[in-house]
Structure formats: structure tokens, C-alpha cells
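**Student:** Quick one: structure below, then a few questions.
The values are calculated or read from the model by the stated rules, or taken from the named source; none is laboratory data. As the structure is a prediction and not an experimental result, all values here were calculated from the model. Every residue, glycine among them, receives a Cβ derived from its backbone with ideal geometry; neighbour counts consider all protein chains shown. Note: areas computed on protein heavy atoms with side chains; ligands, DNA, RNA excluded. Shrake-Rupley method; radii C 1.70, N 1.55, O 1.52, S 1.80 Å.
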Amino acid sequence: QKATFTSVQVSWHPASTPLNKSSWESAFKVPLPGIHNVQNFALALATAALTGLSASQLESSWTHFVPPDMRSRIVSLNKGITLYDDCYNASPASMEAAFDALLSAEWKTRHKVIVLGDMLDLGGESKSWHLKLIQKLLKIENSDLCLFVSAMYDVFNEIKTNHSQELQTGNIQL
């Protein structure tokens, strides 16, 4: 089953600018999961429109967009399996955005295998940032969780020690 695209209806009504461009409306499909990617698309589109590109130029350019590797990329694998690859340089904000995408209606009933490694470069606050992931992780249904490296081991221990009731619901397996 392939992930659906998010359709975005855009209306562009520029204020008086030196470019003096006319208003336009168009629909775009964002081939990335999550509201955060729709927001990123909207900002990129507005920036491109401010450079003076026409609606037809923006539409044409967007049809050639290829999601970058390891950044909210959807890949269809064998046997109807879909990979949601968001593993490049994870941060607390990118982890939360990915979890929000997995909590959306599109992914809710699908079985998920969530593979997480440590978020790096968080300094002395690393353990705290990793533990903050737990509440949202426990809400993701139909999932198996694989945790790797030392900070994720702290997450594992916290879940096992203090969240046994959530584990018994069958929503998550360690």
C-alpha cells in the first residue's frame, strides 16, 4: 500500500512589489508525509514565488521534485511494505514530526517497525531529550520498536520500568 500525497491548494496574491506579479491559484501534491513537510513546502513555494517565478514555472519545477534520501522519504518495498525513511541527522523536532506523521490516520492501522538510534550533539541534555520521546512513542499503535545505542537504551529502560501498563495494551512491543 503506497502512502498518499498531501494535496495543497495555493492562492498567491502578492502585495505591491517591484515585481508586480499577478495573482494565481494552483494545486500541488506534496510527496512527503506529515504536516511539517507541507509547511516546509509552503515556505519554499512562497520564497520561489517572491523571486518572480510564474505559477506555470513553479508547477513545472515541482513535478520534478525528488524527496532527498533519508528525509521523510517514502519507498515501496516488496510484498506491499512501505518504508518511511527519516534517519538523517535526527533531532528532537524531526523525531516529533516523524512520530506525528506516524500517528496520522494514513498510518494508524498499518503495522510499523520503528527503528531508532541516538540523536547526537545534544550535549548534557541528551538523556532528557531522548526520554521526552517516550510519551509520543507509546501512542503509535501497531508497532514494533527497535532501539539502538546508549541514549536509546535509557529510553528502553524507562519504558520497561515505568510504562509497563502501556506495553500491556499491545500497541508497542520491545
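Condition check ((1) at pLDDT 90 or above; (2) part of a helix (DSSP H, G or I); (3) in contact with a Phe, Trp or Tyr (Cβ under 6 Å, 6 or more places away or on another chain)) across all residues:
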{"residue": "119", "(1), (2), (3)": "yes, no, no"}
{"residue": "130", "(1), (2), (3)": "yes, yes, no"}
{"residue": "146", "(1), (2), (3)": "no, no, no"}
{"residue": "156", "(1), (2), (3)": "yes, yes, no"}
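**Student:** Looking at the range 121-138, which of its residues are open to solvent by less than 60 Å² (accessible area, probe 1.4 Å) and touching a residue at least 12 places away in the same chain (Cβ under 8 Å)?
**Tutor:** Across the range 121-138, the qualifying residues are 122, 126, 130, 131, 133, 134, 136, 137, 138.
**Student:** Scan the range 39-50 and report the pairs whose first residue is within 17 Å of residue 6 (Cβ to Cβ) and whose second residue is of a type in the set (A, V, I, L, M) and surrounded by 12 or more Cβ atoms within 10 Å (Cβ to Cβ), with Cβ atoms within less than 6 Å and a gap of 6+ or a chain change.
**Tutor:** 41/30
**Student:** Considering (1) within 17 Å of the chain's Cα centre (by Cα); (2) among the aliphatic types (A, V, I, L, M); (3) at positive phi, say which one residue 140 fails and leave the rest.
**Tutor:** (3)
**Student:** Okay, moving on. Looking only at the range 44-65, count how many residues are among the aliphatic types (A, V, I, L, M) and touching a strand residue (DSSP E or B) at 6+ places or on another chain (Cβ under 9 Å). Quick ask: steps written out before the conclusion?
**Tutor:** Kept after step one, since they are among the aliphatic types (A, V, I, L, M), are these residues of the range 44-65: 44-46, 48-50, 53, 55, 58.
With the extra rule that they be touching a strand residue (DSSP E or B) at 6+ places or on another chain (Cβ under 9 Å), the set shrinks to 45-46, 49, 55, 58.
Number satisfying all stated conditions: 5.
**Student:** Name the residues in the range 99-112 that are surrounded by 12 or more Cβ atoms within 10 Å (Cβ to Cβ) and among the hydrophobic types (A, V, I, L, M, F, W, C), would you?
**Tutor:** Taking the range 99-112 and keeping what is surrounded by 12 or more Cβ atoms within 10 Å (Cβ to Cβ), we get 99-104, 106-108, 110, 112.
99, 101, 102, 103, 107, listed by residue number.
**Student:** Please specify each residue of the range 33-85 satisfying the condition of being among the basic types (Lys, Arg) and surrounded by fewer than 13 Cβ atoms within 10 Å (Cβ to Cβ). Even if it seems obvious, please write down each step before you answer.
**Tutor:** Residues of the range 33-85 among the basic types (Lys, Arg): 71, 73, 79.
Passing the criteria: only 79.
**Student:** Specify which of the listed residues (141, 96) is part of a loop (DSSP other than H, G, I, E, B) and open to solvent by 40 Å² or more (accessible area, probe 1.4 Å). Working first, answer last.
**Tutor:** On the way: 96 fails: part of a loop (DSSP other than H, G, I, E, B).
The match here is 141.
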